[in-house]
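The values are calculated or read from the model by the stated rules, or taken from the named source; none is laboratory data. Since we're looking at a predicted model, the values are computed, not measured. Positions of Cβ are backbone-derived with ideal geometry, glycine not excepted, and every protein chain shown enters the neighbour counts.
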There are 2 protein chains.
Amino acid sequence: MLGAIEAGGTKFVCAIGDEQGNIHERAVFPTTAPEETMAHVIDFFRPHNVEAIGIGSFGPVDLRPDSPTYGYITSTPKQAWRNFDFVGAIKQHFPVPIGFDTDVNAAALGEQRWGAARGLDSCLYMTVGTGIGVGAIVEGRLLHGLLHPEMGHMLVRRHPDDTFAGVCPYHGDCLEGMASGPAIERRWGKKGAELADRHEVWELEAFYLAQAITNYILILSPKKVITGGGVMKQTHVLPLVRRHVQELLGGYIQHEAILEKIDEYIVLPGLGDNAGVAGALALAARAIE
Amino acid sequence: MLGAIEAGGTKFVCAIGDEQGNIHERAVFPTTAPEETMAHVIDFFRPHNVEAIGIGSFGPVDLRPDSPTYGYITSTPKQAWRNFDFVGAIKQHFPVPIGFDTDVNAAALGEQRWGAARGLDSCLYMTVGTGIGVGAIVEGRLLHGLLHPEMGHMLVRRHPDDTFAGVCPYHGDCLEGMASGPAIERRWGKKGAELADRHEVWELEAFYLAQAITNYILILSPKKVITGGGVMKQTHVLPLVRRHVQELLGGYIQHEAILEKIDEYIVLPGLGDNAGVAGALALAARAIE
Ligand SMILES: Nc1ncnc2c1ncn2[C@@H]1O[C@H](COP(=O)(O)OP(=O)(O)O)[C@@H](O)[C@H]1O
Ligand SMILES: Nc1ncnc2c1ncn2[C@@H]1O[C@H](COP(=O)(O)OP(=O)(O)O)[C@@H](O)[C@H]1O
Ligand SMILES: [Zn+2]
Ligand SMILES: [Zn+2]
């Protein structure tokens with residue numbers, strides 16, 4: 001059996017599963033203080049004889065194997081979790097191989113193994129929720145570099161009629177600042193779920209998301225773009241995004257995936273809300289390979 | 001001996017060299033019609049007994065090994081070169097292994113093997129010249145996907161005082177449309193080389209290039225950013241770019257490379273104008289590995 005943790009800013013999803021991505025048991029705990037949340041996590045895994053544990057975590061996280069703070073959550077705005085030794089805390093109780101990556105890289109891996117990007121050596125997983133995060137597989141590998149990508153903070157062009165300042169504490173009107181769930185709530189004065197019938201809300205949302213996806217396509221050339229997270233539950237957003245992406249690319253990328261089959265190119269997660277935790281299972285499987 | 005071709009929109013650079021990146025002989029031919037230019041290329045290589053040839057080509061090119069048009073230049077605006085079977089034309093005369101990639105991916109590889117990114121498994125090579133092109137190595141591999149990246153066409157925020165329409169035939173005011181050599185010439189009415197002392201020209205240039213590099217950093221997290229091409233001969237641009245990148249990132253990427261050592265992070269090519277042709281040698285070496 002393998003253990004999986006999808007550690008999000010609002011909740012932790014833990015699971016017991018196997019190398020084929022089957023989830024046998026699953027539990028959800030709120031993200032409070034590390035001691036409290038981790039106690040739930042450890043209690044959950046204790047009765048199981050797990051061979052390895054995979055963790056997909058909110059970030060920023062330190063993924064450099066040779067770093068003294070490898071496996072830590074680093075400079076997160078969530079004070080209680082800052083400099084938290086996540087891998088260390090798990091290893092202390094379960095001395096098994098641990099796979100560790102960002103929540104969105106885990107989700108990209110889950111979708112590549114068992115979801116919408118099955119069989120492809122390249123894909124992108126974007127979550128639009130409390131934050132905006134993106135994970136990617138390129139040339140068959142999870143994408144890392146100097147640190148891990150932070151694509152949610154990319155620069156976007158402001159809509160000429162949009163005077164909203166943006167909610168990103170670092171950049172104001174970066175993508176996350178303009179298009180995350182909290183940005184929608186602050187701009188329109190209501191939660192996204194309560195704005196379902198307000199066409200202008202989702203037109204503007206698509207305007208920003210499409211810019212981001214256009215730049216991701218120009219920069220990474222992914223073979224599939226998968227969009228998840230709470231905001232994408234507004235299923236009328238995705239068709240608007242696809243149309244804007246085609247317009248913004250202006251026919252420049254001459255590939256049928258974009259010119260003709262964009263409905264199969266920019267898609268919802270094949271694994272639904274389980275992409276992240278399934279990906280964490282895949283991280284666990286890789287840790288013992 | 002290895003052969004190398006850096007095929008650019010204005011000139012072809014051909015070289016004979018070795019696995020260590022040493023260039024023994026070098027020649028430059030103008031890019032005219034394929035028959036004419038290729039005749040020069042073939043004459044150049046004929047006296048040499050090359051074991052392999054590496055080609056870094058202007059694009060778009062088809063790099064998908066299983067495609068019927070693998071090795072072709074595809075939808076280029078240069079009519080005469082459209083659907084030109086580059087690899088086929090070389091193979092006909094030299095039946096040796098051929099390495100083929102974009103000019104900028106070749107330059108990234110050259111810089112990684114022997115230049116400013118030596119020893120790193122990740123870097124970005126950006127050329128700012130007649131067009132803007134970017135190649136990348138991520139996770140130790142040259143970056144490809146659905147097609148190859150087209151990072152030069154990414155969306156940028158227009159400067160509020162800039163009313164220039166942009167020169168990109170596809171997008172108008174994309175990065176290439178606003179910041180390539182021809183964009184500078186059209187906006188200011190003079191070639192870049194004649195505008196050296198006009199501070200406002202280079203401030204605006206840095207404004208656009210820095211946005212692009214900021215997004216590349218957020219999306220790819222490269223370990224080194226290398227900038228070459230004719231426009232970067234204006235060496236006062238790079239310090240402006242670095243400062244803008246730091247401002248745009250707003251302290252979000254907490255890594256000393258950006259916070260403290262940006263002069264060593266965003267740099268000129270270690271191989272000067274030979275990055276592309278040296279990279280083509282590396283492509284040749286890989287083709288026989
Ligand atoms: N059905 C919905 N329609 C629009 N927005 C939603 C919907 N459900 C959740 N959201 C928004 O998404 C955000 C939560 O994102 P979610 O992906 O569910 O969790 P998290 O990002 O915290 O893991 C909130 O800002 C919420 O308002
Ligand atoms: N010293 C310079 N200062 C500013 N711009 C320059 C300089 N040299 C060349 N350029 C501009 O760069 C472009 C040519 O780019 P270059 O990289 O030399 O060739 P190419 O992109 O065609 O391979 C032209 O638009 C030219 O005006
Ligand atoms: Zn931001
Ligand atoms: Zn363009």
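For B:LEU109, the criteria (1) in the same structural domain as B:VAL225 (by the TED database); (2) over 24 Å from A:LEU175 (Cβ atoms) hold in every case but one, which is (1).
Given the residues A:ASP121, A:ASP103, which is the only one that is buried (at least 24 other Cβ atoms within 10 Å of the Cβ) and among the acidic types (Asp, Glu)?
Details: A:ASP121 fails: buried (at least 24 other Cβ atoms within 10 Å of the Cβ).
None of the other options fit; the residue is A:ASP103.
Restrict the check to segment A:118-128 and report whether at least one residue is under 26 Å from A:GLN234 (Cα atoms), outside any loop (DSSP other than H, G, I, E, B) and without any contact (Cβ under 8 Å) to a residue 60 or more places away in the chain. Within segment A:118-128 (the criterion being under 26 Å from A:GLN234 (Cα atoms), outside any loop (DSSP other than H, G, I, E, B) and without any contact (Cβ under 8 Å) to a residue 60 or more places away in the chain), the answer is no, since none of the residues qualifies.
Among what's in segment A:1-13 and is part of a strand (DSSP E or B) and touching a His at 6+ places or on another chain (Cβ under 8 Å), pick the residue that is surrounded by the most Cβ atoms within 10 Å (Cβ to Cβ).
If we filter segment A:1-13 for residues that are part of a strand (DSSP E or B), which is where we start, we get A:2-7, A:11-13.
Still in the list and also touching a His at 6+ places or on another chain (Cβ under 8 Å): A:3, A:12.
Numbers: A:GLY3: 27, A:PHE12: 24.
Within segment A:1-13, the match that is surrounded by the most Cβ atoms within 10 Å (Cβ to Cβ) is A:GLY3.
With respect to the conditions (1) within 8 Å of another protein chain (Cβ to nearest Cβ); (2) surrounded by fewer than 24 Cβ atoms within 10 Å (Cβ to Cβ); (3) among the β-branched types (Val, Ile, Thr), A:VAL167 lacks only one, and its number is (1). Of the candidates A:ILE258, A:ILE219, the single residue that is in contact (Cβ under 8 Å) with a residue 24 or more places away in the chain and either within 16 Å of ligand 2 (Cβ to nearest atom) or assigned by the TED database to the domain that holds A:SER180 (or both) is A:ILE258. Residues in segment B:205-248 that are more than 13 Å from chain A (Cβ to nearest Cβ) and either hydroxyl-bearing (Ser, Thr, Tyr) or within 16 Å of ligand 1 (Cβ to nearest atom) (or both): B:THR227, B:THR235. With respect to the conditions (1) buried (at least 22 other Cβ atoms within 10 Å of the Cβ); (2) in a helix (DSSP H, G or I), A:VAL87 falls short on a single one, namely (1).
Matching residues to (1) away from ligand 2 (no atom under 15 Å from the Cβ); (2) more than 30 Å from A:HIS144 (Cα to Cα):
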site: B:TRP114; (1), (2): yes, no
site: B:ALA183; (1), (2): no, yes
site: B:TRP188; (1), (2): no, yes
site: B:VAL201; (1), (2): no, yes
site: B:LEU204; (1), (2): no, yes
site: B:LEU209; (1), (2): no, no
site: B:ILE213; (1), (2): yes, no
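In this structure, B:GLU176 qualifies as within 21 Å of A:GLN211 (Cβ to Cβ) and within 13 Å of ligand 2 (Cβ to nearest atom). Scanning segment B:124-143 for residues that are surrounded by fewer than 21 Cβ atoms within 10 Å (Cβ to Cβ) and facing chain A (nearest Cβ under 9 Å) yields B:GLU139, B:GLY140, B:ARG141.
What about B:HIS153, is it within 10 Å of chain A (Cβ to nearest Cβ), under 18 Å from A:HIS255 (Cα atoms), buried (at least 21 other Cβ atoms within 10 Å of the Cβ) and in contact with a Cys (Cβ under 9 Å, 6 or more places away or on another chain)? Walk me through how you get there before you give the answer.
Values: within 10 Å of chain A (Cβ to nearest Cβ): yes; under 18 Å from A:HIS255 (Cα atoms): yes; buried (at least 21 other Cβ atoms within 10 Å of the Cβ): yes; in contact with a Cys (Cβ under 9 Å, 6 or more places away or on another chain): yes.
Answer is yes for this residue.
Screening the candidates A:TYR252, A:TYR208 for the property of being outside any strand (DSSP E or B) and free of Cβ contacts under 8 Å to residues at least 24 places away in the same chain yields one hit, A:TYR252.
Filtering segment B:14-49 to residues that are closer than 24 Å to B:GLY131 by Cα and outside any strand (DSSP E or B) leaves B:THR31, B:THR32, B:ALA33, B:PRO34, B:GLU35, B:GLU36, B:THR37, B:MET38, B:VAL41.
Scan segment B:144-178 for residues that are farther than 19 Å from A:HIS159 by Cβ, touching a residue at least 40 places away in the same chain (Cβ under 8 Å) and in a loop (DSSP other than H, G, I, E, B) and the total you get is 5.
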